[in-house]
Amino acid sequence: MSTPYAKLPGWVEYGLVPLVNLAVAFIVAGLVVLLVGENPFEAAYHLINGAFGRGEYIGFTLYYATTFIFTGLAVAVAFHCGLFNIGGEGQAYVGGIGVALACLWLDQTMPWYVVFPIAIIGSAFFGALWAFLPGWLQAKRGSHIVITTIMFNFIASSLMVYLLTRVLKPLGSMAPQTRTFAEGGQLPKLDWLLSIFGLNIGTAPFNISFLLALAAAFAVWVLIWRTKLGYEMRTMGHSPSAARYAGIRESRITVIAMMISGGLAGMMALNPIMGEQFRMQLDFVQGAGFVGIAVALMGRSHPGGIIPAAILFGVLYQGGAEIAFEMPSISRDMIVIIQGLVILFAGALENMFRPAITRAFATRGQRAAAVVQTKGA
Amino acid sequence: MDNIAIELRGIDKSFGPVHANKNINLKVRKGTIHGIIGENGAGKSTLMSILYGFYQADSGEIVVDGRPITIRDPNAAISAGIGMVHQHFMLVENFTVLENVMLGAEDSQILNKGIAKARQELKRLEKEYALEVNPDALIEELPVGLQQRVEILKALYRKADILILDEPTGVLTPAEADHLFRILGQLKAQGKTIILITHKLREIMAITDEVSVMRRGEMVATRTTGETSVEELAELMVGRRVLLRVEKGEGTPGDVKLSVQGLTVKDSRGVTMVDDVSLEVRAGEIVGIAGVAGNGQSELLEAIAGIRKGTSGTVLLNGQSVDVTGHRDPAALRARGLAHVPEDRHHVGLVLKFEESENAILGYHNDPRYLNGVFLNIDAIRKDAEEKIAKYDIRPPNARLKTANFSGGNQQKIVLAREMERGPDVLIIGQPTRGVDVGAIEFIHKRIIEMRDQGKAVLLVSVELDEIRALSDRILVMFAGRVVGERSPDATEGELGLLMAGVEGRKEAAE
């Protein structure tokens, strides 16, 4: 690093510490597998093989990762502003309305590349709308964002049940879902991307919204670190009193940050709706909004960390499903336990090993500094 | 030795680089009221927290009734007979007096027996010490003075023989304070030992038997109250240090740049913090506001700087009125030529997690020269920061270093550079050298005087009396939210100290 004052080199801070945490999480998860009488190494094999073993598996892993990048970015943007947006789940769910409306309107007349941009705007609009109210209530009324966003998750859930059973359901259908979209409402797969590496995508729904997710990650980086708005958000997030001193309008920034966050969460809906199901189903979010919290935590709210964290959770989802399939005594719930352990060690207990690692590097750093000094003299 | 209730031997305590208590020795005689005075930050509260078990001393010994004891936590203090009345009350607002008194001393899981016993005991205590409170009243419905009485009852209920009161009159009206003193006298008559922590000299003279003075973490003197004087105590408290006299010529005051008329500020609880303050600062002069911390100076600065709302009054900046009672907009004030170096650089003046260059634009981030449309112009920001680093000799000279990694003096220079380099018409500065290393103090003082010589109007608040005297052209003294007097910087320390303690000011105000 550039200075002798920096506590830990970047590769330790962003590489070694998360890896140690992850390793411990897997060791404890292995003990749990042992406890139910199964071979943890076999489980690990199925996890890795299930996530990376074939082009199709990789496609599924990246499909899940796409979803988690969006929700992780959503949590991260709000977090930089000191807001804990627990409502990604509901914002993504409501964001689905925007996608569905765009597709139902244009899918039979327009090609996907016309529908897609409109669906992006629609999903971001509805997601932002769903985050606007909690943001506004926080800014103007002091209602705590954690409480209101959780409540809005439930409201979203009820609202979507209503819409999918009464409004958006085609006549005569028994299923709570929209009709299946025609060609224009279906995103092309990224089979060409995998075939560069000689992989066959098979039936995996890995689609173009992955590229949108990467673009969103870059846009979030620009927003947070290279724009005036991002500067104001970070000031508020680190020190509300300094923000007041600097004349930053707290309520305005709070509402804007929440709307950007909600918009990103809403864009998550593009992936399952236009990329996999080609229709909007009941409960299509499936907890991705909450996984986004873990992804943002693990990725330190930095897009460069969120992408690998999202891929890790993609591995856990895809590889976990494979374990459950291959090893019947490990149920689906066991997989959730393993995911929980990763969240626990990588998120909640992320500072557990930090003091020891810092100490190890402090002594090393001193020695290195001494060497530099003698060289300088 | 058995007339010593409590003795401290060589108590030492550091918080990281801050040496809060240096080898403190103290003897408190049984059945007396012992005052401990000192300026804010002198280490009084740390010492008492050690005595009450909130902190552990790094070294030293506590002797109660001739027996050395270790006080690991407040429970150990209570069983050693030490009770504490905190500055901020530790009461459950929606409990009754009785419930608060017995909280933590219920004796059994079934409350009935304990309640009956507590009620009886309360009655006895009330009679014995003239501490009347309705045991069934809710705390939130009691005035502050009575809440404090409940705190005292709590300590007595736990059989405290030594009672520590931390700034007990800070929240009381004068009448309530007088009543408190009568209660303390009663307690003393019953053989209790009382340690009274305060920075108000008047209280010390009125009620204590002995008084110990703390300054910068050290116990500098202990006197018998009857044999000392307010002047001597003020001198001991403020300290006769070598003055950091800066070269300063005569000022040439010009037009009035900042004018405050009848400004009143209340805090969120409705307590008046600034009470009808009027002042003027002219171009080319430094007006210093002296006063013991917590007498409204901070609130006054914040109200002028646009961070805090005033309740009434007017402020004119460059002859144009500022809306002090409505929506506050510090950014607009900055654009009108007001710069503000806040008292608390860690939480207000800087964002410690930011890079140095990011802090160098805090508050000025709307300036088009730092922006490309909605984007930050990183190159311009860093170049600007590097120029300031060179000009203000900020070390290490690294605009990309995290601000938390700079020393206190260099952090303060970052703030000063940002606020001064704009060429503001009015500069308001709070505690310019708090927590700043000696080397940087001189530099900062020089800069402030340079600003004056360039014709800026400077309003300076500091709890360091020497600093105020060294820099100011005029000194206003604040006490209890009011400006109680104006003096020239040639006034003696004793004279200013008395004003700061609210002794002289009362007379002056009465006249």
Chain B: calculated mean residue ellipticity at 222 nm from DSSP helix runs of at least 4, using -39500 (n - 2.57)
-10000 deg cm²/dmol
Taking H placed 1.01 Å from N in the peptide plane, check which residues at least 5 places from residue B:344 or on another chain put their amide H under 5 Å from its amide H.
B:349
Under 13 Å from the 7 Å Cα→Cβ point of residue A:39, by amide nitrogen: which residues of the range A:312-346?
A:327
The protein assembly as shown - charge dipole about Cα centre, Lys and Arg +1 at Cβ, Asp and Glu -1, debye rounded to 20
1060 debye
Asserting the computed 222 nm helical MRE of chain A (DSSP H runs at least 4 long, -39500 (n - 2.57) per run, divided by residue count, to nearest 500) equals -22000 deg cm²/dmol
Using amide H atoms built 1.01 Å from N in the peptide plane, name the residues 5+ places from residue B:282, or on other chains, whose amide H lies under 5 Å from its own.
B:257
Karplus couplings for the range A:235-245 from phi (6.51 cos²θ - 1.76 cosθ + 1.60, θ = phi - 60°), rounded to Hz, Gly and Pro as x?
4, 4, x, 7, 7, x, 5, 5, 5, 4, 4
Residue span residue A:173 to residue A:331: 0.36 nm per residue of separation minus Cα-Cα distance leaves a gain in nm of 53.6 nm
Charge dipole (debye, nearest 20) of chain A; +1 at Cβ of Lys and Arg, -1 at Cβ of Asp and Glu:
1440 debye
HN-Hα J in Hz across the range A:161-173 - Karplus 6.51, -1.76, 1.60, θ = phi - 60°, x for Gly and Pro:
4, 4, 5, 7, 9, 10, 9, 8, 6, x, 4, x, 8
Please compute the alpha carbon radius of gyration of chain A, then divide it by the globular-protein estimate 2.2 N^0.38 Å. Two decimals is fine.
1.06
What does the charge count near residue B:416 come to, summing +1 for each Lys or Arg and -1 for each Asp or Glu among other residues with Cβ under 12 Å from its Cβ?
+4
Residue B:332-residue A:192 FRET efficiency (beta carbon distance; Förster radius 56 Å; 0.05 resolution)
0.55
Can you give the direction-averaged projected area of the convex hull of the alpha-carbon atoms in the protein assembly as shown, in nm²?
47.1 nm²
Pull up all non-local amide H partners of residue A:200: gap of 5 or more, or a different chain, and H-to-H distance under 5 Å with H placed in the peptide plane.
A:55, A:56
Taking R0 as 60 Å, what's the FRET efficiency between residue A:11 and residue B:189 from their Cβ-Cβ distance, rounded to 0.05?
0.30
Of all chymotrypsin sites (Phe, Trp or Tyr not before Pro) in the range A:240-329, the ones in DSSP coil with at most 10 other Cβ atoms within 10 Å are none
In sequence order, calculated HN-Hα J values of the range A:128-138 (Karplus, 6.51, -1.76, 1.60; Hz; x Gly/Pro)
5, 4, 6, 8, 4, 4, x, x, 5, 5, 5
Roughly how big is chain B's charge dipole about its Cα centre, with Cβ charges of +1 (Lys, Arg) and -1 (Asp, Glu), in debye to the nearest 20?
780 debye
Report the FRET efficiency, 1/(1 + (r/R0)^6), for residue A:146 and residue B:366, where r is their Cβ-Cβ distance and R0 is 30 Å, rounded to 0.05.
0.45
For the pair residue A:251 and residue B:88, the simple spin-label estimate (label points 7 Å beyond Cα toward Cβ) gives in nm 2.7 nm
Here, residue B:421 and residue B:72, labelled 7 Å along Cα→Cβ, have an inter-label distance in nm of 5.4 nm
Separation between Cα centres of the range A:295-311 and the range A:6-42, rounded to whole Å
16 Å
Which value in nm describes the separation of the simple spin-label points at residue B:137 and residue B:495, placed 7 Å from the Cα toward the beta carbon?
4.5 nm
Antiparallel versus total DSSP beta bridges in the protein assembly as shown: what percent is that, nearest 5?
60 percent
Determine the distance separating the Cα centre of the range A:105-183 from the Cα centre of the range B:387-407; give it in Å without decimals.
49 Å
From the P(r) of chain B, can you give the percent of Cα pairs sitting at distances over 30 Å?
55 percent
Looking only at other chains, what is the average number of their beta-carbon atoms within 10 angstrom of each beta-carbon in B:349-357?
4
Amide N of the range A:68-98 lying under 20 Å from the label point, which is placed 7 angstrom from the Cα of residue A:155 along Cα→Cβ:
A:75, A:78, A:83-98
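Any read-out appearing in this document is the output of simple, stated calculations on the displayed coordinates, not a laboratory observation. Predicted model only: the values in this text are computed from it and were never measured. With ideal geometry, Cβ positions are generated from the backbone for all residues, glycine too; neighbour counts draw on all protein chains shown.
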